[in-house]
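S.K.: Before I ask anything, let me first share the structure, which is written out below as structure tokens.
The values are calculated or read from the model by the stated rules, or taken from the named source; none is laboratory data. Predicted model only: the values in this text are computed from it and were never measured. Quick reminder, even Gly has a Cβ in these numbers, built from the backbone with ideal geometry, and neighbours come from all protein chains shown.
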Amino acid sequence: MLPADCSRRLVAELQGALDACAQRQLQLEQSLRICRRLLQAWEPTGTWAWEPPPEPETNEEDPLPACTPSPQDLKDLEFLTQALEKAVRVRRGITKTGERNKAPSLKPGSLVTSPGMTASTPPQSPGQAGGHASDTRPTKGLRQTTVPAKGRPERRLPSVLDRTRVGIGVRAPRPGAGLRNQLMAPSAAPQAPEAFTLKEKGHLLRLPAAFRKAASQNLSLWVQLSSMQTSDSMDAAAAKTQFLQNMQTASGGSQPRLSAAEVEAEARRLRKACSLLRLRVREELSAAPVDWMQEYRCLLTLEGLQAMVGQCLQRLQELRAAVAEQPPLPCPVGRPPRASLSCGGGAEPTWSPQLLVYSSTQELQTLAALKLQVAMLDQQIHLEKVLLEEEMGVQQRSAALRRSG
Amino acid sequence: MRGRRVDPAAGARAGALPEAIAALSRSLPSGPSPEIFRRAKFDRPDATSALWQLLFRVLSPLPAGSALASIALEVQARLVKSALCSQGYPRLALAQLPEDGSQGSRELLLALSWLLARGPVPEQMVAQTRVPLGDEMTVCQCEALASLGPPAPHMETEGPVDVRHVQWLMGKLRFRWRQLVSSQQEQCALLSKIHLYTRGCHSDQSLGHLSVTEAEMLRDPEGGQQVSGAGAAQNLDLAYPKGLHFSCTPGMGPRTFWNDLWLVCQQPGLLPGDWAAPLDPGGASACSLLFPLRVLLRTLEHENRRLEAVLAWRRAELVFWQWMDTVLGTCAPEAPAAASQPTFLPWVPECGDGELELVVRELRTLEEELREAAERRRVAWEAKARGCGRGPEWSAARRACRETVEKELGALQRCWEQDRSPAQAHGPHRLVRREDGAAGDRDLRAAELIRTLRSQEACLEAMLRQLQGQCRQELARLAGALPGLIWIPPPGR
């Protein structure tokens, strides 16, 4: 057995690693549930329907817990119901005449204005791609129960329905179904409403206008921020540098003390140096020179590498001496954030959103698997290092014991 | 010599400074009012606690939640001091400030400005709480394995630890990794399908298809059907809150943060009651459920306002720096670093030294090896060279050799001298599926990333093998030195 205090740290590290894995697993599973549900048939979510009165046409299956609406809600409900009935009438008219373009003609003004919502843009916004645009734009999602709401700006819907939980679906499944089928396949005869699956009808979805607007504004702001960063004002940058210098001199030290973070960074560099040097040495030693020129090259390289190793050792000694003599500004107990070996660390993050393009499921899976593999190797290396350090610690202690004993 | 062109017009505008400060405070999460800043310049005590809290928010690695807000001011103050020191904050006055928020607002203002001068703090803060609309994957491995929450309560095991226990833990870890891999593969397949089925939907042509977040929002705009437990924004890495992607620049790492918090709270009398309960960053407070449309919209709008504030701040910040210089001027210069350390969280002198020791040993071994090999070859070479003729082309050839070698070794040295790997992009990227795999200049291609990862993998494997060899050597040495020590090495991989 290893001495107790030696392996305790290893055990602690292993526990930490196990916990991290478990947490990742949990999150992955959550994510999986969401994805699986998305790929199944989309059920009517049930938030749209109260406990409906017996309605043979309704396909609602999940009853909601009853909720008592407030007087305000009831008033809203009434408005809504009236508007919906009107909508249904209009739609019926449309279905008969087959004129689809009237569908978005419901004026927003006739609807309940919900407080706190931004004013809507008219549904007809130009520049929509795709033939389905004018029809599916008012659609937030192709679902049975949202049908009566199609004529209105989508933003209103959540706030009103959120409060009232109206049994809209009760009213108009049939014309809704008819309209929906019409939106998707204009020439097809009205069919029995089908469940919505991503596979078949996913390409018909459209994002709501408010969302699109907010998202594109978001994107453009990030891009602006990014371009501002790269062309940073000279004045501001100079002012900042000057300020930092002033801070340094005002605190009485012209030489900034080594911070724990800097020590860690230097140590990381030297570790990287060590591994790179070692790799190179292996290469050179295993190479078999065929002519004098190669031999000379090899010799020079080895001697050069020797000099570099010497330099690194010297820097390390200097670092350790500096640390010992003037302890770096106290670092938080517990290790400083352990930057992974493969990551350079400290690079400038770019703010504008970037894309990662893949072309097939296979590629994505390979990518993800490799990422996990690299992370796992990183972790294993860390554990080996912990073990090694502990072993060396044991050696030192036993050597000290022998000396004193 | 000041070295900057002061724009007289900018400084003369009366409202410029308050505007700049207002923009700054709007861009920071729960930023204090400009009045607080003004009071801090005059070192008023009532501005102190707001600044402690702001510094804490800026320095802590986790996004805000009710969890963090419930931490007492003293604890926040201690952690702030600790974090600033570990980043090399030069002024000692900070360390000596009382932690009850009774004084020191000017010093805190200086500390905040120091942080602002060193890095893009407002941008980082917004990025921390960024709304990920797409399915994201990070490219780099920063903080990849950082634990997410408080460390499990340390069970101080008494007595020797059985090596079989260690082996069992290692086996368990391997199993969990395998589980992760297979779950991950399944998720990739599903994600790919969702992307495929929704192509042609997105208003943004460059994206082309919906992400899971967007699709889920369409499926269930009310958020009525929730997955049990807290829902997480779609992130393929799922290893850490998105804020950490940007913590490559100095900040407290999460593990450090939690360790510190644990230690600080163990001091008697610091926190009343049980602190463990409200601190649950893995739960709902950290990752908010984003799918309901109204929540998503609200969060997006909020972020947009913050971004506008950051842009305004960047345009106006020169005035702020001029003002900060005057604030600094009102402080008395400090004496050079005193010999005594201010009392802090206990500092472990061997912090990081164990690893340095490792590197020293490796380098020494390498040095020995090289010395032997180089000497041998030098001798052999000299013998050979004596036999050959000496002519101008001979020496020219030798010089050419020397130059080549110098160049190569110089390039090698640059590999580790340069702290940054510019080729490596950082931060999360939105996954986009395109049949042809075409990508713009700024975008990454999966194929290239795969190549990079493969080479990284090879590198790491070599390193691991070497370390395992070293471990075995050390163990052998140990076994020899300490009779009676038996070690069954874990099965090699």
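S.K.: For region B:23-35, which positions are of a type in the set (A, V, I, L, M, F, W, C) and buried (at least 23 other Cβ atoms within 10 Å of the Cβ)?
M.R.: B:ALA23, B:LEU24
S.K.: Can you pull out the helices (runs of 4 or more DSSP H) entirely within region B:52-142 that have at least 1 residues that are at pLDDT below 85?
M.R.: The qualifying helices (runs of 4 or more DSSP H) are B:66-69, B:73-86, B:121-128.
S.K.: Please indicate, with yes or no, whether at least one residue in region B:346-353 is facing chain A (nearest Cβ under 9 Å), modelled with pLDDT of 70 or more and in a helix (DSSP H, G or I).
M.R.: Checking region B:346-353: not a single residue is facing chain A (nearest Cβ under 9 Å), modelled with pLDDT of 70 or more and in a helix (DSSP H, G or I).
Residue by residue, here is whether (1) facing chain B (nearest Cβ under 7 Å); (2) at pLDDT below 85; (3) crowded, with 18+ Cβ neighbours inside 10 Å holds:
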| site | (1), (2), (3) |
| --- | --- |
| A:ALA189 | no, yes, no |
| A:GLU200 | no, yes, no |
| A:LEU207 | yes, no, yes |
| A:ALA210 | yes, no, yes |
| A:ALA214 | yes, no, yes |
| A:LEU225 | yes, no, yes |
| A:SER231 | no, yes, no |
| A:ASP235 | yes, yes, no |
| A:ASN246 | yes, no, no |
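S.K.: How many residues are more than 7 Å from chain B (Cβ to nearest Cβ) and in a loop (DSSP other than H, G, I, E, B) when one looks only at region A:352-405?
M.R.: Going through region A:352-405 one residue at a time, the tally reaches 3.
S.K.: Taking the condition in a helix (DSSP H, G or I) and either at pLDDT below 85 or of a type in the set (Ser, Thr, Tyr) (or both), does B:LEU449 pass?
M.R.: No; evaluated as a whole, the condition is false for this residue.
S.K.: Out of (1) over 30 Å from B:LEU311 (Cβ atoms); (2) surrounded by fewer than 20 Cβ atoms within 10 Å (Cβ to Cβ); (3) in contact with a Gly (Cβ under 6 Å, 6 or more places away or on another chain), the odd one out for B:LEU97 is which?
M.R.: If we test B:LEU97 against (1) over 30 Å from B:LEU311 (Cβ atoms); (2) surrounded by fewer than 20 Cβ atoms within 10 Å (Cβ to Cβ); (3) in contact with a Gly (Cβ under 6 Å, 6 or more places away or on another chain), just (2) comes out false.
S.K.: Is there a residue in region A:36-47 that is charged (D, E, K, R), modelled with pLDDT of 70 or more, surrounded by fewer than 16 Cβ atoms within 10 Å (Cβ to Cβ) and under 30 Å from B:LEU190 (Cα atoms)?
M.R.: Among the residues of region A:36-47, at least one is charged (D, E, K, R), modelled with pLDDT of 70 or more, surrounded by fewer than 16 Cβ atoms within 10 Å (Cβ to Cβ) and under 30 Å from B:LEU190 (Cα atoms), which makes the answer yes.
S.K.: List pairs: first in region A:261-288 and within 15 Å of B:LEU358 (Cβ to Cβ) and facing chain B (nearest Cβ under 7 Å), second charged (D, E, K, R) and not in a helix (DSSP H, G or I), Cβ under 7 Å, 6+ apart or cross-chain?
M.R.: A:ARG269/B:ASP419
S.K.: With the requirement that a residue be of a type outside the set (Gly, Ala, Ser), in contact with a His (Cβ under 6 Å, 6 or more places away or on another chain) and over 21 Å from A:SER360 (Cβ atoms), what does region B:426-459 give you?
M.R.: Correct list: B:PRO428 only.
S.K.: Would you please name the residue that is nearest to the other protein chains (Cβ to nearest Cβ), looking only at residues in region B:362-411 that are over 37 Å from the mean Cα position of the chain (by Cα) and of a type in the set (S, T, N, Q)?
M.R.: Looking at the filtered set, the residue picked out is B:THR404.
S.K.: Follow-up. Given (1) crowded, with 18+ Cβ neighbours inside 10 Å; (2) free of Cβ contacts under 8 Å to residues at least 24 places away in the same chain, identify the lone condition not met by B:LEU207.
M.R.: Just one mismatch for B:LEU207, condition (2).
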